[in-house]
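These notes are about the structure you will find just below.
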Amino acid sequence: MRITTILRYCGISLAGVALLMLVSAGVALHEKSEAAMLPLFYSGLITAIVGLFPLIFVPKEKSVGRREGFFIVTFSWILACLFGAIPYLMYGGEFTPVNAFFESVSGFTTTGASILNDIEALPNGLLFWRIASAWIGGIGIVALVSIVIPAKDDLQSVLASAESSDLARGYYGGRKRRFVHMMLTIYIGITLASALALKVCGMRWFDAVTHAMSACSTCGFSTRNASIAAFDSPAIESVLIVAMLLGGTNFTLLQSTFLPGQKGRTIFHSEIFKVFLAGVLAASALTAANLLMSGQCHSLFKAVRLAVFQIASITTTTGFATADTDTWPALSITVICLCSVICGCTGSTSGGIKVDRALLAAKGMREKVRSLSHPSNIRFIRIDSHVRKMGEVEDACVFILFYLSLAAAGGFINAMGGMDLRSGLSASIACIGNVGPGFGSVGSMGNYADMPVALKVSSMLLMLLGRLEIYPFFLIFGRFGH
């Protein structure tokens, strides 16, 4: 394994992070937030120097192996989180070293969990960086690396294989560079359209742009302490619902649907998208009925408004809030917990198990039951007209079991650290699913500030595991033991 090759391509990732820091410094200057401008500017310079150093002095390799690709992907994320914490450390305030790293990891992994008690006390420049780190994390730091790699370079295929799950890669085959460009086009398009719509609905430009970036990256960072509830606008909530659902949808499907001249299956013909949308609608209807019947809401409009927004927010792992869901009745909380486990589609910016895996596992179990009654019959599992092999079904089931085991382990660690069961387990599920808010002390109107340092560290690990979809992380660090 060539360490210099890994350092070179990790350097490209850091150069991209540095550029966004300098853009954030420019925003701080424009917004007259002097307290944030210098920390962002100096952080950008430090990150740029470290990132450009291997690019200048390390020669480019002609080929990169799959093992090296996994190292590049994993350490690109870790280094981005480390250097992304520097602006917070330089600013000070609530940002102790652990808190700064926690906020950075939460941003880059698009989790949206926060240690801040007073978000509105931060200068606008730092608020922009906080959400910009989530925006670049949503598109995928390594995806940006692929843009600067020549079209014939095999590193494109290696990085795509290391960054994306098998289910996500099945949508775009071997057209790696085209996929990255397409994803960027869709991602930027949704962000710009959402920002414009939010501005029309009454937000000022700064809030409109930052909330559009947060919604499309399915992070959920807000510029307000009360999140979206601070605006109290059905129009704003409607725009964000659409943006969040698009962010939770496979980007290849969005390309085929909305970009002219594209071929492929659209969202109107995708079984996975139909299951995803049907799940959101069913969960919203059940939650609205429960809120209305329990007396939590006294009008149908309010119950539907709260239910649809919160279900869309949690299912897409965004984590925006318009209500304190911790006070909702037990059935509604159960529905939200289920949504925070399954979440959106592969090939999107959302986290969680993903609808694709859940559907594949469900069909696999159905066929297994049928085979017990008719063992001689040969059956096939189809999703979106593609025949799925039993090996893929087994992989999905193993991933789900692994995922749930890690979530349970995280909950056990949180309980050992002094958290109550409700808060500890929901925090673990929210972190590994990159959802953000849980229940109890880490509810939609709470934060992670009071967690002990050791639990913040374990929560950060869960966020990274969820963002990398578990396997790359264990493949890398498992090798250090051999």
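The values are calculated or read from the model by the stated rules, or taken from the named source; none is laboratory data. Not measured: the values here are computed from a predicted model. Note that each Cβ is placed from the backbone with ideal geometry, even for glycine, and that neighbours are counted across all protein chains shown. Keep in mind that these areas ignore ligands, DNA and RNA; they rest on the heavy atoms of the full protein, side chains included. Shrake-Rupley method; radii C 1.70, N 1.55, O 1.52, S 1.80 Å.
How many residues are closer than 14 Å to V457 by Cα, open to solvent by less than 20 Å² (accessible area, probe 1.4 Å) and not hydroxyl-bearing (S, T, Y) when one looks only at the stretch 100-127? Break it down stepwise before answering.
Here is the first cut: in the stretch 100-127, the residues closer than 14 Å to V457 by Cα are 100-106, 113-115.
Restricting the remaining residues to those that are open to solvent by less than 20 Å² (accessible area, probe 1.4 Å) gives 100, 102-106, 113-115.
Subsequent filtering for residues that are not hydroxyl-bearing (S, T, Y) retains 100, 102-103, 105, 113, 115.
Residues flagged as closer than 14 Å to V457 by Cα, open to solvent by less than 20 Å² (accessible area, probe 1.4 Å) and not hydroxyl-bearing (S, T, Y) within the stretch 100-127 amount to 6.
Specify which of the listed residues (I190, I147, I131) is at pLDDT 85 or above and open to solvent by 10 Å² or more (accessible area, probe 1.4 Å).
Matching residue, one of I190, I147, I131: I190.
Could you look through the stretch 359-374, keep only residues that are open to solvent by 30 Å² or more (accessible area, probe 1.4 Å) and aliphatic (A, V, I, L, M), and pick out the one that is farthest from the chain's Cα centre (by Cα)?
Once the filter is applied, the top-ranked residue is L372.
Between residues in the stretch 219-245 that are on the phi > 0 side of the Ramachandran plot and residues that are open to solvent by 10 Å² or more (accessible area, probe 1.4 Å), which pairs lie under 6 Å by C-beta distance while being six or more apart or on different chains?
G220/G112; G220/G319
When L82 is evaluated against the numbered criteria (1) over 12 Å from W129 (Cβ atoms); (2) crowded, with 22+ Cβ neighbours inside 10 Å; (3) without any contact (Cβ under 8 Å) to a residue 24 or more places away in the chain, which criterion, by number, is the only one it fails?
Of everything listed in (1) over 12 Å from W129 (Cβ atoms); (2) crowded, with 22+ Cβ neighbours inside 10 Å; (3) without any contact (Cβ under 8 Å) to a residue 24 or more places away in the chain, L82 misses just condition (2).
Residues checked against (1) surrounded by fewer than 23 Cβ atoms within 10 Å (Cβ to Cβ); (2) among the hydroxyl-bearing types (S, T, Y); (3) part of a helix (DSSP H, G or I):
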| site | (1), (2), (3) |
| --- | --- |
| L253 | no, no, yes |
| S256 | yes, yes, yes |
| I267 | yes, no, no |
| A278 | yes, no, yes |
| A282 | yes, no, yes |
| A289 | yes, no, yes |
| H298 | yes, no, no |
| L306 | no, no, yes |
| Q310 | no, no, yes |
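For the stretch 336-358, name all the residues that are open to solvent by less than 40 Å² (accessible area, probe 1.4 Å), on the phi < 0 side of the Ramachandran plot and not aliphatic (A, V, I, L, M).
Passing the criteria: C339, S340, G344, C345, T346, S348, T349, S350, G351, D356, R357.
If you scan the stretch 313-335, which residues turn out to be small (G, A, S), closer than 11 Å to I228 by Cβ and open to solvent by less than 10 Å² (accessible area, probe 1.4 Å)?
Within the stretch 313-335, S313, A321 meet the criteria.
Give V27, V23, V58 a once-over and let me know the one that is modelled with pLDDT under 90 and more than 27 Å from S458 (Cα to Cα).
V58
Only residues in the stretch 443-470 that are over 21 Å from T349 (Cβ atoms) count as the first member; pair them with residues that are outside any helix (DSSP H, G or I) and among the acidic types (D, E), Cβ under 6 angstrom, at least 6 apart or cross-chain, and list the lot.
Every condition considered, the pairs that remain are M445/D324.
The conditions are (1) outside any loop (DSSP other than H, G, I, E, B); (2) surrounded by fewer than 19 Cβ atoms within 10 Å (Cβ to Cβ), and K60 fails exactly one of them. Which is it?
(1)
Answer yes if at least one residue in the stretch 47-56 is more than 23 Å from I470 (Cα to Cα) and either of a type in the set (D, E) or part of a loop (DSSP other than H, G, I, E, B) (or both), and no otherwise. Walk me through how you get there before you give the answer.
If we filter the stretch 47-56 for residues that are more than 23 Å from I470 (Cα to Cα), which is where we start, we get 47-56.
Pick out the ones that are also either of a type in the set (D, E) or part of a loop (DSSP other than H, G, I, E, B) (or both) and you get none.
Scanning the stretch 47-56 turns up no residue that is more than 23 Å from I470 (Cα to Cα) and either of a type in the set (D, E) or part of a loop (DSSP other than H, G, I, E, B) (or both).
I'd like the full set of residues that are among the charged types (D, E, K, R) and not in a loop (DSSP other than H, G, I, E, B), limited to the stretch 327-365.
D356, R357, K363
For residues in the stretch 375-392 being closer than 20 Å to R265 by Cα and open to solvent by less than 100 Å² (accessible area, probe 1.4 Å), which is modelled with the lowest pLDDT?
S385
Would you point out the residue of the stretch 312-326, among those that are of a type in the set (A, V, I, L, M) and assigned to a helix (DSSP H, G or I), that is nearest to A285 (Cα to Cα)?
Only one residue fits best here, namely A312.
So that you can scan it fast, the table gives a plain yes or no per residue for (1) under 24 Å from the mean Cα position of the chain (by Cα); (2) open to solvent by less than 20 Å² (accessible area, probe 1.4 Å); (3) closer than 27 Å to L127 by Cα:
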site: L20; (1), (2), (3): yes, no, yes
site: S24; (1), (2), (3): yes, yes, yes
site: K32; (1), (2), (3): no, no, yes
site: P39; (1), (2), (3): no, yes, yes
site: R67; (1), (2), (3): no, no, no
site: F71; (1), (2), (3): yes, yes, no
site: V98; (1), (2), (3): yes, no, yes
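Within the stretch 415-426, can one find any residue that is assigned to a helix (DSSP H, G or I), within 17 Å of I353 (Cα to Cα) and not β-branched (V, I, T)? Give the steps one after another, and end with the answer.
Just the residues of the stretch 415-426 that are assigned to a helix (DSSP H, G or I), to begin with: 415-416, 421-426.
From the residues that got through so far, the ones that are within 17 Å of I353 (Cα to Cα) too are 425-426.
So of that shortlist, the ones also not β-branched (V, I, T) come out as 425-426.
Checked against the condition, which is being assigned to a helix (DSSP H, G or I), within 17 Å of I353 (Cα to Cα) and not β-branched (V, I, T), the stretch 415-426 yields at least one hit.
Please tell me if K368 is in a helix (DSSP H, G or I) and in contact with a strand residue (DSSP E or B) (Cβ under 6 Å, 6 or more places away or on another chain).
no
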